[in-house]
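Data first, discussion second: the structure below is written as structure tokens.
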Amino acid sequence: MEKVSYKEIGLINTREMFQKAMEGKYAIPAYNFNNMEQLQAIVMGCVESRSPFILQVSSGARKYANQTLLRFLAMGAVAMINDAGSPVRFALHLDHGDTFDLCKSCIDSGFSSVMIDGSHHAYEENIRLTKQVVEYAHAHEVTVEGELGVLAGIEDEVSAEKSTYTKPEEVEDFVGKTGVDSLAISIGTSHGAMKFKPEQCTRDDRGVLVPPPLRFDILEEIERRIPGFPIVLHGASSVVPAYVQMINEHGGKLKDAVGIPEEQLRRAAKSAVCKINIDSDGRLAMTAMIRKVFAEKPAEFDPRKYLGPARDELMKMIMHKNKEVLGSADRA
Ligand code: G3H
Ligand code: 13P
Ligand code: ZN
């Protein structure tokens with residue numbers, strides 16, 4: 001594939017975005033996407049709320065969407081924003097890159113930012129791999145996110161207490177040796193829609209599951225050791241209860257779905273957390289609306305008639321997150 005720089009596409013890296021987010025005490029939303037309707041919703045939602053954003057692509061999403069098409073989708077999004085006369089800029093970011101070759105391939109095909117997730121490797125190997133990616137990325141003015149600590153998920157055979165929280169005593173050494181631009185940490189968030197097992201939660205008066213609180217003490221200790229350094233929160237969907245309910249009321253079966261409460265994300269956004277990753281909530285919003293349309297209009301078979309409402313719902317959700325949770329609205 002022909003090599004292309006993100007600058008030719010009209011994208012930006014995350015450096016200035018994070019600096020402004022740190023100073024302004026808000027977080028940049030990183031929305032995952034893999035199809036056109038999700039892209040439209042993200043772009044329109046961020047233009048409407050005047051929010052900078054990160055368009056995030058996992059390796060699975062890159063395969064799904066086709067890597068060549070993806071580059072032109074990003075180019076199209078830039079043109080769409082310019083046509084709207086909007087000042088909004090965005091970064092195209094690889095989510096959970098696991099090899100040097102994948103990161104290099106993304107950098108060579110127009111990504112402005114990459115994550116190298118070496119968190120499952122031993123510490124020294126994580127440093128070696130991350131440093132290798134940083135050297136190539138920085139030579140192309142691409143920013144790099146590294147990770148220390150492992151997020152627990154319902155799939156893991158570990159309970160939240162046993163999940164590998166980031167060790168604050170490692171962060172200075174890791175950041176110094178690798179040269180990363182931002183650091184993803186583990187303080188109790190988790191990927192997916194079933195973030196916690198019911199036995200890890202308490203219940204409120206109405207019997208609704210309340211997840212264990214995030215470990216803000218660990219975050220504060222990390223901030224103390226690397227002041228002003230951009231921190232990233234993965235697994236930060238709230239698993240919006242209204243969408244879970246809508247899915248279950250229209251034939252779905254999402255049992256014990258629970259996410260990170262909005263107040264905790266608001267608090268994180270005001271700290272050194274400069275990037276908050278959201279994938280599951282977008283999936284839930286679209287699925288909830290598609291199920292509703294299918295249940296209410298069983299004769300409908302024009303994809304625009306169910307993907308359109310799903311796209312509108314996702315746009316609404318994005319505007320809400322930008323305005324009410326991350327504080328990124330009106331920061332473009
Ligand atoms: O953290 C992972 C993201 O939610 C991407 O998920 O690999 O299913 O695209 P995916
Ligand atoms: P959620 O599953 O909580 O949306 O997290 C997404 C994520 O961290 C992508 O890297
Ligand atoms: Zn993640």
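Seen from all directions on average, the stretch 1-122 presents a Cα convex hull projection of 8.0 nm². From most to least packed by mean Cβ count within 10 Å, the peptides 177-183, 82-88 give 177-183, 82-88.
Calculated from DSSP H runs of 4 or more alone, at -39500 (n - 2.57) each and per residue, what is the 222 nm mean residue ellipticity of the chain, nearest 500?
Details: 13 runs with 150 residues, N = 332.
Only helices count here, giving -14000 deg cm²/dmol.
Among 134-142, 237-245, 119-127, how do they line up by average Cβ neighbours within 10 Å per residue, starting with the highest? All intermediate terms of the calculation are to be shown ahead of the outcome.
Details: 134-142: 17.7, 237-245: 19.9, 119-127: 14.6.
Going from most to least packed, we get 237-245, 134-142, 119-127.
In the stretch 60-110, Rg over Rh equals 1.03, where Rg is the alpha-carbon radius of gyration and Rh the Kirkwood radius from pairwise Cα distances. Sparse packing (at most 13 other Cβ atoms within 10 Å of the Cβ) combined with a DSSP loop state is found for the following GluC sites (Glu not before Pro) in the stretch 244-327: E300. The orientation-averaged projected area of the convex hull spanned by the Cα atoms of the stretch 99-227 comes to 9.3 nm². Taking a point 7 Å from the Cα of E296 along the Cα-to-Cβ direction, the residues of the stretch 252-275 with backbone N closer than 18 Å to it are 252.
Sort the chain into rounded, prolate or oblate with this rule: let a ≥ b ≥ c be the square roots of the eigenvalues of the Cα gyration tensor; rounded if a/c is under 1.5, and if a/c is not under 1.5, prolate when a/b is larger than b/c, oblate otherwise. Oblate, since a/c reaches 1.5 and b/c is not below a/b. Temperature 10 °C, viscosity 1.306 mPa s: under these conditions the Stokes-Einstein estimate for the stretch 86-146, based on its Kirkwood radius over C-alpha pairs, is 137 µm² per second. Using θ = phi - 60° in the Karplus curve 6.51 cos²θ - 1.76 cosθ + 1.60, the 3J(HN,Hα) couplings for the stretch 86-94 round to 8, x, 5, 10, 9, 10, 9, 10, 7 Hz; x is entered for Gly and Pro. Cβ-Cβ distance of D217 and D256, R₀ of 25 Å, FRET efficiency by 1/(1 + (r/R0)^6): the value works out to about 0.40. Cross-link partners for K316 among the lysines, with Cα-Cα distance under 27 Å and sequence neighbours closer than 8 places in the same chain left out: K20, K25, K195, K253, K255, K270, K275, K292, K297, K305.
Cα convex hull of the stretch 192-293: mean projected area in nm², to one decimal? All intermediate terms of the calculation are to be shown ahead of the outcome.
Details: hull surface 28.1 nm².
Projected area, direction-averaged: 7.0 nm².
Taking GluC sites (Glu not before Pro) across the stretch 1-39, the ones in a DSSP loop with at most 16 further Cβ atoms lying within 10 angstrom of their Cβ are E2.
All of the numbers you see were taken from the coordinates with simple rules; none came from a lab. Nothing here was measured: the structure is a model prediction, and the numbers come from that model. We place every Cβ from the backbone using ideal geometry, glycine too, and count neighbours over all the protein chains shown.
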